[in-house]
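Q: One structure coming up, written as structure tokens, with questions to follow.
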Amino acid sequence: MKWSVSASKMFQQCPKRWYYRTVFADSDSGNSERAEAYILKQLQSVHAWRGKVVDEVISSYVVPEVNKKERIVPEEVLKRAEEIFDAQLAFARNREYRNGAKKTRFDYCALFELEYGDGLSDSAIQTARSEVVTSLNNLLASNVMKEISEDGSYLLAQRRLQFQFAGTSVGCTPDLIVFFEEKPPLIVDWKVLAGYHREHWLQLGIYAFALSKAKRHRDFPEKWSQMIADPLNVRLLEFQLLRNRELPYVLTKEDITEIEDYIFNSSTEMELVLNGSAKRPEYLINSVPTTRYPETCLRCSFKKICWRGNAE
């Protein structure tokens with residue numbers, strides 16, 4: 001079984017939604033219900049999407065330019081954002097995700113509001129567009145941007161980290177890992193709009209824990225190998241881009257124990273639900289428990305097939 005912070009949070013909300021997304025959805029299974037689940041898996045809210053646009057601009061343009069020691073031109077950053085925003089919006093409006101389009105396309109986008117409900121209003125689109133611009137402008141003018149643009153820094157965006165813990169495969173993808181020439185490494189988690197929540201700290205802590213446990217990637221600077229072996233040495237920063245708030249976190253030994261307990265307990269609960277069912281997901285989907293909170297269903301991408309299955 002594969003475990004991640006996002007999967008754990010989804011499992012806590014609704015085990016069945018987690019099962020649909022991580023086990024049942026499969027475009028190549030030959031089963032029409034599982035193929036439909038794969039399509040529904042791609043749906044995201046307009047709020048989540050505008051955050052993904054920001055992530056894409058940072059990882060595909062800002063980070064490569066910083067690594068090349070090029071000067072960041074705000075107009076070019078915003079132009080790239082506009083191109084991605086418009087291309088993905090057109091893709092989603094045309095529902096091309098239902099026409100066999102590959103998820104790897106840069107313009108791939110599937111929006112919950114267009115699959116369910118009455119679609120997107122012009123005001124919702126304009127708000128999302130404005131929030132993308134504000135978020136990127138706040139980043140470019142920020143203290144963290146100045147720091148990561150220092151000479152000798154090396155940035156890794158959306159780098160997948162994986163390791164084994166108590167028999168479970170744990171994976172996570174930090175928004176940004178920064179290796180400096182002199183200062184300790186830094187992990188940054190971008191959030192377009194967020195309040196202070198305990199799980200945000202926990203997510204960053206798991207990123208540091210993963211960096212310490214994962215096999216060293218070839219482009220990790222050798223000089224920092226011993227330092228990152230201890231997650232307490234890694235600096236952590238949550239950047240709420242829309243609010244322009246930089247929130248540093250400092251790990252303690254007690255935090256590491258809590259992280260280990262959280263991963264172990266969460267993965268154990270998931271394994272108990274699976275109970276071998278991953279081998280025949282289409283036959284056992286209806287035995288997976290559902291949420292106890294009806295409002296969760298209203299925001300769920302899988303409700304059309306979940307409710308149909310329950311009706312049967």
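Q: Scan the range 191-199 and give yes if some residue there is closer than 17 Å to residue 256 by Cβ and at pLDDT below 95, otherwise no.
A: Yes, that holds for at least one residue.
Q: May I pose another question? Which residue out of 61, 19 is more than 21 Å from residue 204 (Cα to Cα), surrounded by fewer than 21 Cβ atoms within 10 Å (Cβ to Cβ) and among the aromatic types (Phe, Trp, Tyr)?
A: So the residue among 61, 19 that is more than 21 Å from residue 204 (Cα to Cα), surrounded by fewer than 21 Cβ atoms within 10 Å (Cβ to Cβ) and among the aromatic types (Phe, Trp, Tyr) is 61.
Q: Given the conditions (1) in the same structural domain as residue 88 (by TED's automatic domain parsing); (2) touching a helix residue (DSSP H, G or I) at 6+ places or on another chain (Cβ under 9 Å); (3) at positive phi, report the number of the one that residue 117 does not fulfil.
A: The single condition residue 117 does not satisfy is (2).
Q: Shifting gears a bit: Based on what the data block shows, is residue 216 without any contact (Cβ under 8 Å) to a residue 40 or more places away in the chain, farther than 29 Å from residue 112 by Cα and under 23 Å from the mean Cα position of the chain (by Cα)?
A: yes
Q: Taking the range 205-219, which residues are aliphatic (A, V, I, L, M) and more than 14 Å from residue 178 (Cα to Cα)?
A: Passing the criteria: 206, 210, 214.
Q: Tell me yes or no: at least one residue of the range 85-104 is assigned by TED's automatic domain parsing to the domain that holds residue 42, small (Gly, Ala, Ser) and crowded, with 18+ Cβ neighbours inside 10 Å.
A: Yes, there is a match, as at least one residue in the range 85-104 is assigned by TED's automatic domain parsing to the domain that holds residue 42, small (Gly, Ala, Ser) and crowded, with 18+ Cβ neighbours inside 10 Å.
Q: In this structure, does residue 126 turn out to be over 18 Å from residue 145 (Cβ atoms), of a type outside the set (Val, Ile, Thr) and touching a residue at least 24 places away in the same chain (Cβ under 8 Å)?
A: No.
Q: Taking residue 85, is it within 15 Å of residue 44 (Cβ to Cβ) and of a type in the set (A, V, I, L, M, F, W, C)? Let's see the steps before the verdict.
A: Values: within 15 Å of residue 44 (Cβ to Cβ): yes; of a type in the set (A, V, I, L, M, F, W, C): yes.
Yes; evaluated as a whole, the condition is true for this residue.
Q: Ok, one more. Considering every residue within the range 24-37, establish whether at least one is within 23 Å of residue 117 (Cα to Cα), in contact with a Cys (Cβ under 9 Å, 6 or more places away or on another chain) and in the same structural domain as residue 115 (by TED's automatic domain parsing).
A: no
Q: Then there is this: For the range 240-247, does any single residue satisfy the condition of being surrounded by fewer than 17 Cβ atoms within 10 Å (Cβ to Cβ), closer than 22 Å to residue 148 by Cα, touching a strand residue (DSSP E or B) at 6+ places or on another chain (Cβ under 7 Å) and not polar (S, T, N, Q)?
A: The answer is yes; a qualifying residue exists.
Q: Another one. I'd like to check which helices (runs of 4 or more DSSP H) are fully inside the range 215-301 and have at least 2 residues that are closer than 22 Å to residue 22 by Cβ. Let's see the steps before the verdict.
A: On the way: elements: 225-228, 253-274, 281-284, 294-298.
Per the criteria, 253-274, 281-284, 294-298.
Q: Considering the range 6-37 alone, what residues qualify as being farther than 24 Å from residue 160 by Cβ and part of a helix (DSSP H, G or I)?
A: Selection gives 15, 16, 32, 33, 34, 35, 36.
Q: Can you name every residue in the range 158-170 that is touching a Ser or Thr at 6+ places or on another chain (Cβ under 6 Å) and either more than 24 Å from residue 52 (Cβ to Cβ) or buried (at least 16 other Cβ atoms within 10 Å of the Cβ) (or both)?
A: Within the range 158-170, just 168 meets the criteria.
The values are calculated or read from the model by the stated rules, or taken from the named source; none is laboratory data. No experiment lies behind these values; they were computed from the predicted model shown. All Cβ positions, glycine included, derive from the backbone under ideal geometry; neighbour counts span all protein chains shown.
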